[in-house]
Structures are given as structure tokens and as C-alpha cells.
Amino acid sequence: MAKMTLEDLRKMREEKKKVLERRDVAENDIVVIIGMGTCGIAAGAKKTLEAFLDEVEKKKLGQITVKQTGCMGLCYVEPTIEVKVPGMPDTIYGRVDGDVARSIVNDHIIQRKLVNDHLFDKPSRDIVKG
């Protein structure tokens, strides 16, 4: 294995720092949770996560927290993503590949429209009139 230079280590630190900052919920309004249980990973959740992070970075959306969780209990529609956007119902999307992940960023997060073709759960508290 080749030795790493100090510059290589600094570059790696900056890359990992960005990933860790993306997981910090404290200052962010929008939270995206990606199911990374065994079933999700087997269905392609790692590629979904990469596509989602890539689109968020490309659109320069700094107010989004991206977190990982275990199985969400929707194994039959993996990979799954839960999206929490203020003013919208907490929503779970299923069968989310890279293209759908990009659509969720552009449609749900930016334009505030649900991606109906992949919508699998919208909690009832969001549709009950209070």
C-alpha cells in the first residue's frame, strides 16, 4: 500500500468533514433519512444515497441533513427514503433509485411537490384536520 502524503490526508479530512456536516440536524430544517438496513443495501440503497448526496451538492442545498437508519419495515419497496420538509407531510418514498432520488430533491424538496409514483407512506396526522 502506498504511503499517503500530508496533502492526501488533508484532502481526505475535508471530504469526510463535509459528509459529517451533512448529518448534523441542529441547524437544518429539512431531514432526509435513508434506509440502510441489509434489505435496503441489497436493493441498492448505497447507490441511492450517493445519487441523493450528489444532487444535493450539485444544487448547493446546504439546509438539508442526510441521515441513515436501519430497516424501515418496508422491505418490499426498498430502497426507502423518509423526507421531512417543514410545511409538508413527513413522507416515505419506496423503490428509490438514483433517478428517483434526484426527482425527490428537485420536486419534493425544491418545488414542494410530492413524487406520487414512489409515495408509500404519509402519516395520518398530516391529513387529519386539526
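Between residue 75 and residue 50, the FRET efficiency estimated from the beta carbon spacing at R0 = 22 angstrom works out to 0.55.
Residues whose amide H falls under 5 Å from that of residue 90, counting only those 5 or more places apart or on a different chain, are absent, with hydrogens built in the peptide plane.
Given their separation in residues at 0.36 nm each and the Cα-Cα distance between them, residue 14 and residue 88 gain 23.3 nm when the chain is fully extended.
Around the amide H of residue 30, modelled in the peptide plane, lie the amide H atoms of 65, all under 5 Å away and 5 or more residues distant in sequence or on another chain. Relative to the current alpha-carbon distance between residue 97 and residue 38, full extension at 0.36 nm per residue lengthens the span by 19.6 nm. Taking a straight Cα-Cα cut-off under 16 Å and skipping sequence neighbours fewer than 8 places away in the same chain, the lysines within cross-link reach of residue 16 are 67. Taken along the Cα-to-beta-carbon direction at a fixed 7 Å, the label points for residue 58 and residue 119 span 2.5 nm.
With a simple spin-label model that places each label point 7 Å from the Cα along the Cα-to-Cβ direction, the separation between residue 5 and residue 67 comes to 4.0 nm. Each residue of the range 77-83 was assigned a 3J(HN,Hα) from its phi angle through the Karplus curve 6.51 cos²θ - 1.76 cosθ + 1.60 (θ = phi - 60°); the sequence is 10, 5, x, 10, 9, 9, 10 Hz, with glycine and proline shown as x.
Since every read-out is calculated from the coordinates, none of them should be taken as a lab result. As the structure is a computational prediction, the values presented were derived from the model and not from experiment. Neighbour counts are summed over all protein chains in view; Cβ atoms, including those assigned to glycine, are modelled from backbone coordinates with ideal geometry.
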